[in-house]
Structures are given as structure tokens and as C-alpha cells.
Amino acid sequence: MHIAEGFLPPAHAVAWGVASAPFVVHGVRSLTREVRKHPESTLLLGASGAFTFVLSALKLPSVTGSCSHPTGTGLGAILFRPPVMAVLGTITLLFQALLLAHGGLTTLGANVFSMAVVGPWVGYGAYRLLRRCDVPLMVAVFFGAFAADLSTYCVTSVQLALAFPDPAGGVLGALGKFGSVFAVTQIPLAVSEGLLTVLVMRLLVQSSKGELTRLGVLVAGGRTEARATGTGAVA
Amino acid sequence: MLPIDAAAHSSRWRRRHPVDKAVLGLGLTVLAIALPPWPGAALVLLTALVVLLGPAGVPARRLWRAYRVPLGFCVTGAATLLVQVGGPEGVLSLADDGPRRAGELLLRTSAASLGVLLFAFTTPMSDLLPRLIKAGVPGPVVDVALVTYRMSSLLLDSVRRIREAQAARLGHTTRAAAWRSLAGLGATAFVRAFDRASRLQAGLAGRGYDGTLRVLVPEARISVRFTLGSVVLLGCVAAVTFLLKGPLSS
């Protein structure tokens, strides 16, 4: 769930923008370096951005019976890595605010922090940790996507709680209130997104070995491997 | 093409420079969150609505279709302020000041959303993105955003057609089939995006691609009259807010 336009008081909107800025600037530098080194990367990164945008527009059947959409941050971070996801996520959130009236410009900083910074880093961290422990690829992918989705919503709850403390319970009371509202829908949705990401990855391993090797998810020959750290999503 | 962007391409203000529209639309959004919600945000909401339906010529039905999405989020978010956690009245009870806080939040968010919609409904993305370079955004980032924008429309169209084909093959009849179809949809979107990118790359390489995507941007000049008019309008909204604030709150 994106925080809607105008939802946060001005001071909070600015503060979250400032908090997101270093991550986005770092991502922009990585992306600029990559594009200057390999000009053809522009198109692949654009394709990655479009894929992230389309992924967030897919309707996800929820366990609760309703319908929602995946955040796509887990899969994006596993495929393209968190620094690049900070930029692609920011572009996607800007498009969603202007083309779908989803999210907002004054709340862009807060949404970027939860969806393009914390979600990808937590998801990627969980994925990398599990891969280092020799956990099978698909199990690591599931927990990566699950952690990315759930951490995104946890951060959103914190952002809302800080902006709207409960009159009786304060920030903690508000956190419980927003957290419980999200928990009803988001825990099943995080499980759903994890399952969907595993299914997508299974199909990708079968059909797009070349691209996955180029992105570093598979090593040459189509084997799966926990990859070394670093930037260069499309190198 | 997405409905808001399609409407922006045929907007009455399409030929105006994005800065003109940003000053007015985003200025209203800033006022909505900076002014006291009552009567400030209410005045911003009214002003944005009059400009959208009047001079900007946005059809009411299109506006409502786009506006109901953020409005739904605003209502859901504001509803949580009606209750409080803990206190002498039990674990969960109605907050004393809840209706006022929820009403103010609803006013602020709905007014701010209309300001952004005014900008979005009159400014196509293809006019805005190339000009971001002048605003200091690095060229490679703008190029990636441009490719993302152009490819998103094509991918969304592909996804819609794949979903129709899946439905025609009974791909959504059971929960298991729906999950299989959804996973196929996500994977196909990935494959198509990368396939399209590599074909674009091959095509551009044949045309001497040097790493810069050159696109034609419709010529437009910043209108001093329009911008000045917008600033005066924003100033009037702020002034009327402070004039009315005393009498209306007493």
C-alpha cells in the first residue's frame, strides 16, 4: 500500500525524502556508471523498470478473498540488486503517482524509503543469507520476496504511526493500530507474493537462462549459485 | 496507454510548458498540505476542481475514475483516526478528537490529490521526462525512465492480451489454474521486456547508437502571464484562508 498524496504532514514528508535521498543518489551513481561503461544497458535497465511497473500492476488473488497487487520489490532486488532497485523503484513510484494516481509526489520520499529502499535491501539480505547457508534457490527466493513485502508494510506502519500518534497509546498504540490493520491483509499477501515469485522464478529458470546468467542469478551453464556482492545489474 | 496519460495527450493545455502547469497544479498540492485543513484545504479542493473542469477542460467522468482511487485510500486511512488504542475506555474505543482529525486528513489528502491530478491530466509523460535533464536529473537516469515509460505501455498491452488468452483457455477457472496463469503472466512479461530491449538495442546499434536517446520534444515556452496568474491565484487562496480562518473557527 502506498501512502496517498498529502497524507503525511509537511515535516514528515520532507524528513522521509531526506532519509531516502542517500540511497537513491547511490543508486543513481551506480546506474550512471553502468550506463556510461555499457551504453546498451540503458535499454535493459529500462526493460527492468517496465517489468517492475507491470509486476506491480498484476492482480494477486489473496487468501482473504480480496485482490491486491505484489510490490515486486523482492523479485526486483534478487534480479537487479538493491542499489539499482532504489532508482527503478523511484521511477516506478513516480509513474504510479502521475499515471495511476497511486501514491503521491509529497509522499514520494516516504514511499521510496519503504518500497525502493527497505523492501529491496531486506528481501535481498534474506535471499543472500539463505543462499550462503546453501538453502535451495526457490526457498531463498520465497523468503526473499516474503521478507521484502512484509518489511515494506512494516515500514509503512511505522511511517503512519509516527505521523499520526494515537491520542491514548501514543506512537506505539498507533503502530499497533496500523500494524494490525495491515497484518490482516499483508501477512497472507506476503505469503502469496512469495509463492508467486517462486512460480515466476521457476518459469524464468526454464525459459530465460541467458538473461538470468547475465543478471548474475545463475552462473554460466544454467546452474544456480549464491553470487558475489557488487553492483552492475546488467553486466 | 494509461487513461490519465491518454487524457493528457488530448488536453487543452497540452501545448503549455510543463513548468506552467507544475506551478499551478503542484502549487495547489503544496498549499493543501501547508495551509490549515479548514478552510485552507477546502478552498484548494474547490479551486482545483474549478480549474480542472473549467479552463483545463478535463471531462468529469475521466476525472472521477482517476480520483476515486486515491479517494478510497484517503477514506480508509482517515477511518483509522476515529478510534484510539488503550486508555480508560478499553482496548479500543472511539477517539474524542477522532472525527475532527479524520475530517481534516480527508480534506488535506483529497485536495492534494486533485492538485497532482491537475498536473497529470494536462502534462503527458513524454513532454515531462526529457525536460528533467534541465532540472538536474542525470541524462542516463532520464534515458532509463524514458525507456521504462515507453516499454511499460507496450508491456501492459501485452499483459492484457495474454490475460485474455489465458481466460479463453480456462486459465482462471480454478484457484490453482489462476496461480499458474499469474506466474506465467509475470514470467512472460519478463521475457518480453528483455526480448524487446535486445531487439531495440540491435536496431539502435545499426543506427549508430552512442548511448544517448534523442527524442523530439514539442516546443513550448514558459508563459510569464500564465505562471504569474497561477502565483496570484495561489496567493489569493492562501490569503482568503487566513482571512476566513478566524471567523470560521470561532
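When the test is whether a residue is away from chain A (no Cβ under 13 Å), under 23 Å from residue B:14 (Cα atoms) and of a type outside the set (Ser, Thr, Tyr), residue B:66 does not pass it.
The lone criterion from (1) surrounded by 12 or more Cβ atoms within 10 Å (Cβ to Cβ); (2) modelled with pLDDT under 90; (3) not assigned by TED's automatic domain parsing to the domain that holds residue B:40 left unmet by residue B:244 is number (3). If only residues of region A:189-203 that are farther than 9 Å from residue B:186 by Cβ and within 11 Å of another protein chain (Cβ to nearest Cβ) are counted, the one that is farthest from the chain's Cα centre (by Cα) is A:202. Annotation: residue B:218 fulfils all but one of (1) under 16 Å from residue B:143 (Cα atoms); (2) in contact with an Asp or Glu (Cβ under 7 Å, 6 or more places away or on another chain); (3) surrounded by fewer than 16 Cβ atoms within 10 Å (Cβ to Cβ); the unmet one is (1). Residue B:178 satisfies every condition listed in (1) modelled with pLDDT of 90 or more; (2) out of contact with any Lys or Arg (no Cβ under 8 Å at 6 or more places or on another chain) except (1). Can you name the condition, by its number, that residue A:95 falls short on among (1) within 9 Å of chain B (Cβ to nearest Cβ); (2) surrounded by fewer than 24 Cβ atoms within 10 Å (Cβ to Cβ); (3) aromatic (Phe, Trp, Tyr)? Going through the list (1) within 9 Å of chain B (Cβ to nearest Cβ); (2) surrounded by fewer than 24 Cβ atoms within 10 Å (Cβ to Cβ); (3) aromatic (Phe, Trp, Tyr), residue A:95 breaks only (2). Count of region A:164-183 residues, restricted to those that are free of Cβ contacts under 8 Å to residues at least 40 places away in the same chain and more than 7 Å from chain B (Cβ to nearest Cβ), is 9. If the condition is being surrounded by fewer than 22 Cβ atoms within 10 Å (Cβ to Cβ) and either at pLDDT 65 or above or under 10 Å from residue A:120 (Cα atoms) (or both), then region A:54-83 contributes A:57, A:58, A:69. List every residue pair whose Cβ atoms lie under 7 Å apart, where the two residues are 6 or more positions apart in sequence or sit on different chains, the first residue falls within region B:86-107 and is within 12 Å of residue A:169 (Cα to Cα), and the second residue, located anywhere, is in a strand (DSSP E or B) and among the β-branched types (Val, Ile, Thr). Sorted first by the residue in region B:86-107, then by its partner, the pairs are B:91/B:85; B:92/B:83; B:92/B:85; B:93/B:83; B:95/B:83. So, in region B:183-193, how many residues would count as being free of Cβ contacts under 8 Å to residues at least 12 places away in the same chain and touching a Leu at 6+ places or on another chain (Cβ under 7 Å)? Qualifying residue count, region B:183-193: 4. Filtering B:79, B:145, B:135 for residues that are surrounded by 18 or more Cβ atoms within 10 Å (Cβ to Cβ) and small (Gly, Ala, Ser) leaves a single hit, B:145.
Within region B:64-77, can one find any residue that is among the charged types (D, E, K, R) and in a helix (DSSP H, G or I)?
Initially, region B:64-77 is screened for residues among the charged types (D, E, K, R), giving B:65, B:68.
Subset that is in a helix (DSSP H, G or I): B:65, B:68.
Within region B:64-77, one or more residues are among the charged types (D, E, K, R) and in a helix (DSSP H, G or I).
Return the residue satisfying two criteria in turn: it lies in region A:2-17 and is crowded, with 20+ Cβ neighbours inside 10 Å and of a type outside the set (Phe, Trp, Tyr), and of such residues it is farthest from the other protein chains (Cβ to nearest Cβ). Applying the filter and picking the extreme gives A:12. Pairs linking a residue in region B:37-56 that is free of Cβ contacts under 8 Å to residues at least 12 places away in the same chain and in the same structural domain as residue B:10 (by TED's automatic domain parsing) to a residue that is surrounded by fewer than 22 Cβ atoms within 10 Å (Cβ to Cβ) and in a loop (DSSP other than H, G, I, E, B), with Cβ atoms under 9 Å and 6 or more positions apart or on different chains, are B:53/B:59. For region B:131-160, filtered to residues that are free of Cβ contacts under 8 Å to residues at least 24 places away in the same chain and among the β-branched types (Val, Ile, Thr), the residue that is farthest from the other protein chains (Cβ to nearest Cβ) is B:133. Against the conditions (1) closer than 22 Å to residue B:143 by Cα; (2) over 12 Å from the mean Cα position of the chain (by Cα), where does residue A:130 fall short? Just the number, please. All conditions pass for residue A:130, except number (1).
The values are calculated or read from the model by the stated rules, or taken from the named source; none is laboratory data. Note that this is a predicted model, so its numbers are computed, not measured. FYI the Cβ positions are ideal-geometry reconstructions off the backbone, even for glycines, and counts take in every protein chain you see.
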